[in-house]
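First the structure, in the form of structure tokens, and then the observations on it.
The values are calculated or read from the model by the stated rules, or taken from the named source; none is laboratory data. In this text the structure is predicted, and so the values were computed from the model without any measurement. All Cβ positions, even for glycine, are placed from backbone atoms using ideal geometry, and neighbour counts span all protein chains on display.
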């Protein structure tokens, strides 16, 4: 009888201890790194637009262009350039965007400059004085441009929720608020829980990282360009 009681007590203690350890691990380790947590499959949206008619749709080319930027490893350097464009060996977060779009056949600088000229009052960061050498490399200006010319999407991220994560497609563009103002392209790489990585340049070079949720400033915008 005593042996049975002792066995029950030991088993109870082990169960409680196991629960405490598992709970502690869950607090420390992200859920998508835990064992036995199933991976989430998020379908990829079909984009019907192929600006440069090369057989690859625009969103796919945005991702490929951004990954090419990561491969080039341009050094993060925030400088004003008289002709607008930095050398390929340098760049900031906004340079990832126009270079990725360039690979899909878009001249983002020309598009932004034109939209500013025709809608100057809609661009508060320009303050009534357009400067084509820098306007297309400023996050607030790109936000306005994308609001006016792209599709605005959800800013909420729900790990493991396929319906929500389907709205976060490779090639989408995301912006972040002060004090760490930033812009990035959504990657086709996802965590097991479905949350995508971002392609961006936050220094020391362009990179692909798991920072969509953990960037130190809140998300201010989530866009898809062009509209389709």
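Selection of the range 160-176 for residues being assigned to a loop (DSSP other than H, G, I, E, B), crowded, with 16+ Cβ neighbours inside 10 Å and on the phi < 0 side of the Ramachandran plot yields 161, 167, 168, 169, 170, 172. If you go through the range 110-140 and pick out every residue that is without any contact (Cβ under 8 Å) to a residue 40 or more places away in the chain and within 17 Å of residue 185 (Cβ to Cβ), you end up with 2. Reported count of residues in the range 177-201, each being surrounded by fewer than 20 Cβ atoms within 10 Å (Cβ to Cβ), touching a helix residue (DSSP H, G or I) at 6+ places or on another chain (Cβ under 8 Å) and within 22 Å of residue 99 (Cα to Cα), is 2. Considering 153, 199, 167, the condition of being in contact (Cβ under 8 Å) with a residue 60 or more places away in the chain and more than 11 Å from the chain's Cα centre (by Cα) is satisfied by 153 alone. All told, residue 76 meets the bar of being farther than 20 Å from residue 188 by Cβ, modelled with pLDDT of 95 or more and touching a strand residue (DSSP E or B) at 6+ places or on another chain (Cβ under 9 Å). Considering the conditions (1) surrounded by fewer than 18 Cβ atoms within 10 Å (Cβ to Cβ); (2) touching a strand residue (DSSP E or B) at 6+ places or on another chain (Cβ under 6 Å); (3) within 30 Å of residue 39 (Cα to Cα), residue 228 is excluded by exactly one of them, (2).
This table checks each residue for (1) part of a loop (DSSP other than H, G, I, E, B); (2) in contact with a helix residue (DSSP H, G or I) (Cβ under 7 Å, 6 or more places away or on another chain); (3) at pLDDT 95 or above; (4) surrounded by fewer than 11 Cβ atoms within 10 Å (Cβ to Cβ).
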position: 14; (1), (2), (3), (4): no, no, no, yes
position: 20; (1), (2), (3), (4): no, no, no, yes
position: 35; (1), (2), (3), (4): yes, no, no, yes
position: 53; (1), (2), (3), (4): yes, no, yes, yes
position: 62; (1), (2), (3), (4): no, yes, yes, no
position: 65; (1), (2), (3), (4): no, yes, yes, no
position: 106; (1), (2), (3), (4): yes, no, yes, no
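For the range 80-104, filtering for residues that are within 23 Å of residue 178 (Cβ to Cβ) and assigned to a helix (DSSP H, G or I) leaves 6.
Looking at the structure I just gave you, is residue 107 without any contact (Cβ under 8 Å) to a residue 24 or more places away in the chain and closer than 22 Å to residue 60 by Cβ? Yes, satisfied.
Selection of the range 132-159 for residues being in a loop (DSSP other than H, G, I, E, B) and either within 18 Å of residue 215 (Cα to Cα) or in contact with a helix residue (DSSP H, G or I) (Cβ under 8 Å, 6 or more places away or on another chain) (or both) yields 132, 138, 154, 155, 156, 157, 158, 159.
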